[in-house]
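A short write-up of the structure that comes next.
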Amino acid sequence: MTVNIYIPRDAGALALGAEKVAAAALEEIEKRGLDAKIVRNGSRGMFWLEPMVEVETAEGRVAYGPVKPGDLAGLFDAGLTEGGAHMLSLGKPEEIPFLAKQTRLTFARCGIIDPVSLEDYEKHGGLRGLRNALEKTPLGIVEEVTESGLRGRGGAGFPTGIKWKTVHDTDGPQKYIVCNADEGDSGTFSDRMIMEGDPFVLIEGMTIAGIAVGATKGYVYLRSEYPNVHKILNEAIDAARASGMLGNSVLGSKYAFDMEVRVGAGAYVCGEETALLDSLEGKRGQVRAKPPLPAHEGLFGKPTVINNVISLASVPIILDKGGAYYRDFGMGRSRGTIPIQITGNVKHGGLFEAAFGMTLGELVDEIGGGTATGRPVRAVQVGGPLGAYWPRDLFDTPFDYEAFSEKDGLIGHAGIVVFDDTVDLLKQARFAMEFCAVESCGKCTPCRIGSTRGVEVLDRLKQGIAPQEQIETVTDLCNTMKFGSLCALGGFTPYPVMSALTHFPEDFRPAPQREAAE
Amino acid sequence: MQQARTEIASAVAPIIDRWKNEEGPLLPILNGIQRELGHVPRESLPFIAEALNLTRAEVYGVVSFYHDYREKPAGRHVLKLCRAEACQSMGGDAVAEKLQKLLGIKFHETSADGAVTLEPVYCLGLCACAPSAMLDGEVIGRLDEARAVEIAAEVRV
């Protein structure tokens, strides 16, 4: 029987040499005349072990990692195809603590299946959600999603069911499903990983959304920094179309749904939903004033569901196992699971899907294992460039939308960037302002001008010019940006700036005073 | 000049034709032109404007809004270096300094021999193996000084 050897084609694994590992493995297979096949899977999300090679044995999968191209000959000598023992053996992948402690609902198949094989997808539980959806009325689907308590995983946390209900209730000859795959936040890659590792789950989620609200066309707006996703997603869409999962009659039903991928052109602000819609229409990616809501007047002025990748990719499991099943995970008003990305200066970086409620400290210290450099963790930024910097004092905060906002932070797209004690929070605050200035769409003044002034004020503070005055000015400026900006770019830039200032005031003392203190 | 314009016209015509009847055709057209020619030449804008019934100013407004579009050709290699927070936390700034020195250029510049263009990028989604970069579309993780030296040598070839 042909042995399956899994070597990821996930961009994270590729960045660490997976392509060369796959080439070396193929060479060994041919040289030794083995009856083995290389499957290019997604990643399990344990990047300190990538490239991680897995072999299918009679007792299940056996993993090896991190594998270098030069390791392959030795691995095959050790009996890789039978799961033989080797220095790089990791045993059964699902027993690795980082994976064993997770609750994988959305990412259940990621890293396990061949991402572009619909057959493999179905064998691992795919399409059950869509089939159930086809048995329901459109309103019944919407109710199931509402029941699940799913909230927008892009960052805003708006209830997905309510959004869908609005589009369902709005009349229109043409409606759209738009998937926001403009994952630009530093410290996040869950969208990338699911689209590379299990693209059919997104296609299935979008199709269910289309049936629920009466939309026949879907667009994935993908950032240009993800060419590998583009390739895989298009392969999957082609396969879905060829099999009748997409098209004029979805799985032989009366519903039509098709979709295509559109690639952006490098603008962070296009992750904001209305800027994204303008960009899809072929305009400058400028933020629209709301109302009207996209649900009423979205893409080309038509009723539009616009959801993040993870929100849509979580729909199939909800329709498969029921809204109540999903809702039973989590805490408070944060229901279900969230794929947390533990990144930056961390020993065990990767994707950790868990029910809401774990504390920041557990995630960083226990799951992440502290810093990669071995120095103490001083700060973590959660939620991308618009997220707050957290000191260790607040590491008891549970991962929950409300708990985070109570402490003036946000979950955002659930990325955690870990910094050791060499971090300079004044520099990070300045970077937040600088980033906002670079990426501002320019439509509203608080964001466009405020961010540039913010950089100047923080530069003066760094130089020690009238420090108290600068701190007052930057605080005032942040207040204006927070309440006066049209969207989250200008509105949330104060989070990293003010959290840095509040929790790490020692970094904001001007140079002479700082020296005196030391 | 006339000849250059004709060449551009024949290069962009099939791209425009491919997309002009689709919904929201402008970005796919611009992406296609940049892929084909390595940049979006100013001379191509009138053709796009005419096909999509837009003004040249509208098309230019879109081109100038997005970071990806170049008005001039890039070097033979394009190196995008991530400058975002996760990469900063792993010494990305030091690697950026080193690479600028090795290549003899700053961000947004192309080396005099036309070998390489250096561009900043804000996140490649490789935050668990930072610092990261993308060289001619290929991703690179855990970039350190040694790898920076290798890259600088590679792009000179």
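The values are calculated or read from the model by the stated rules, or taken from the named source; none is laboratory data. Remember, predicted model here, so these are calculated numbers, not experimental data. With ideal geometry, Cβ positions are generated from the backbone for all residues, glycine too; neighbour counts draw on all protein chains shown.
The table for this structure:
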item	result
Exclusive hit being more than 14 Å from every other protein chain (Cβ to nearest Cβ) and either small (Gly, Ala, Ser) or touching a residue at least 40 places away in the same chain (Cβ under 8 Å) (or both), set A:ILE5, A:ILE38	A:ILE5
Residue within the stretch A:389-403 that is part of a strand (DSSP E or B), under 24 Å from the mean Cα position of the chain (by Cα), aromatic (Phe, Trp, Tyr) and at negative phi present	yes
Residue count, the stretch A:312-356 (criterion: in a helix (DSSP H, G or I) and crowded, with 23+ Cβ neighbours inside 10 Å)	8
Enumeration of residues in the stretch B:52-93 that are among the aromatic types (Phe, Trp, Tyr) and facing chain A (nearest Cβ under 8 Å)	B:PHE65, B:TYR66, B:TYR69
Residue, surrounded by the fewest Cβ atoms within 10 Å (Cβ to Cβ), within the stretch B:95-116, restricted to residues that are touching a residue at least 40 places away in the same chain (Cβ under 8 Å) and closer than 25 Å to A:SER186 by Cα	B:LYS98
Search result, residues across the stretch A:448-473 that are touching a residue at least 12 places away in the same chain (Cβ under 8 Å) and of a type in the set (Asp, Glu)	A:ASP459
The one condition in (1) small (Gly, Ala, Ser); (2) surrounded by 14 or more Cβ atoms within 10 Å (Cβ to Cβ); (3) out of contact with any strand residue (DSSP E or B) (no Cβ under 7 Å at 6 or more places or on another chain) that B:ALA133 fails to fulfil	(3)
Residue that is farthest from the other protein chains (Cβ to nearest Cβ), among those in the stretch A:260-272 that are more than 13 Å from A:VAL220 (Cα to Cα) and either among the aromatic types (Phe, Trp, Tyr) or part of a helix (DSSP H, G or I) (or both)	A:VAL269
Residue check, A:THR373 touching a Cys at 6+ places or on another chain (Cβ under 8 Å), modelled with pLDDT of 95 or more and either part of a helix (DSSP H, G or I) or among the polar types (S, T, N, Q) (or both)	no
Test: residue in the stretch A:280-295 that is assigned by TED's automatic domain parsing to the domain that holds A:ILE194, of a type outside the set (Asp, Glu), at pLDDT 95 or above and not in a loop (DSSP other than H, G, I, E, B)	yes
Residue among B:LEU81, B:LEU37 that alone is under 17 Å from the mean Cα position of the chain (by Cα) and buried (at least 23 other Cβ atoms within 10 Å of the Cβ)	B:LEU81
Residues being within 12 Å of chain B (Cβ to nearest Cβ), assigned to a loop (DSSP other than H, G, I, E, B), without any contact (Cβ under 8 Å) to a residue 60 or more places away in the chain and not polar (S, T, N, Q) - total across the stretch A:404-447	2
Within the stretch A:7-123, helices (runs of 4 or more DSSP H) holding 3 or more residues that are under 26 Å from A:ILE194 (Cα atoms)	A:11-15, A:18-32, A:97-100, A:118-123
Every residue from the stretch A:96-117 that is in contact with a helix residue (DSSP H, G or I) (Cβ under 8 Å, 6 or more places away or on another chain), over 17 Å from A:ARG61 (Cβ atoms) and surrounded by fewer than 20 Cβ atoms within 10 Å (Cβ to Cβ)	A:LYS101
Residues located in the stretch A:36-91, provided they are of a type in the set (Lys, Arg) and over 24 Å from the mean Cα position of the chain (by Cα)	A:LYS37, A:ARG61, A:LYS68
A:ASN248, sole failed condition from (1) under 30 Å from B:VAL63 (Cβ atoms); (2) away from chain B (no Cβ under 14 Å)	(1)
Helices (runs of 4 or more DSSP H) wholly inside the stretch B:1-66 that include at least 2 residues being more than 25 Å from A:SER440 (Cβ to Cβ) and not assigned by TED's automatic domain parsing to the domain that holds B:ASP136	B:2-19, B:26-37, B:45-52
Set A:ALA215, A:ALA275, A:ALA236: member being more than 14 Å from chain B (Cβ to nearest Cβ), in contact (Cβ under 8 Å) with a residue 60 or more places away in the chain and either within 25 Å of the chain's Cα centre (by Cα) or in a loop (DSSP other than H, G, I, E, B) (or both)	A:ALA236
Where a residue in the stretch B:142-157 is more than 11 Å from B:LEU99 (Cα to Cα) and buried (at least 17 other Cβ atoms within 10 Å of the Cβ) and its partner, wherever it lies, is at pLDDT 95 or above and of a type in the set (Gly, Ala, Ser), with Cβ under 6 Å and at least six apart	B:VAL155/B:ALA115
Hits in the stretch B:39-83 (condition: in contact (Cβ under 8 Å) with a residue 40 or more places away in the chain, out of contact with any helix residue (DSSP H, G or I) (no Cβ under 6 Å at 6 or more places or on another chain) and within 28 Å of A:GLN428 (Cα to Cα))	B:VAL78, B:LEU79, B:LYS80, B:CYS82
